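FYI, it's all coordinate maths here, none of it is from the lab. Because the structure is predicted, anything quoted here is derived from the model rather than measured. Neighbour counts run over all protein chains shown; Cβ positions are idealised from the backbone, glycine included.
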Amino acid sequence: MYTSSTEAVINELIFSVYGAQADARQRHVLRQALHALVRQARAEQLQEMRRDVWRASGMAWLAPGGSGDFVALPHTPHDTGGHGS
C-alpha cells in the first residue's frame with residue numbers, strides 16, 4: 001500500500017521504465033531522481049503562488065531587465081507596518 005499518490009505514480013514510472021527486470025540500485029536511483037523532480041516542482045509552484053499573492057496585493061512590481069521576475073516594493077517612510085501608529 002502506498003502512502004501517497006506521488007509514491008504510487010513514481011512506482012508506476014519505475015516499472016514502466018525498467019519493468020520487472022530492474023535491480024535494487026536502478027530502482028533506487030530513479031526513485032530518488034523522481035523525488036527530486038517532485039520537490040523542485042513543488043518549490044517552483046510555491047514560488048509562483050507567492051509571486052501571485054504579491055502581485056495581487058500590490059506588494060511587488062516587475063524587476064527591471066525584462067526577466068519577468070517580481071521584486072518586493074520598498075517600504076516607505078510612512079509605512080507603519082500595519083500597527084497604525
Filtered residues of segment 38-55 (kept if under 23 Å from residue 11 (Cβ atoms), without any contact (Cβ under 8 Å) to a residue 24 or more places away in the chain and either not in a helix (DSSP H, G or I) or not polar (S, T, N, Q) (or both)): 39, 41, 42, 43
Selection count, segment 12-35, where residues are without any contact (Cβ under 8 Å) to a residue 12 or more places away in the chain and assigned to a helix (DSSP H, G or I): 13
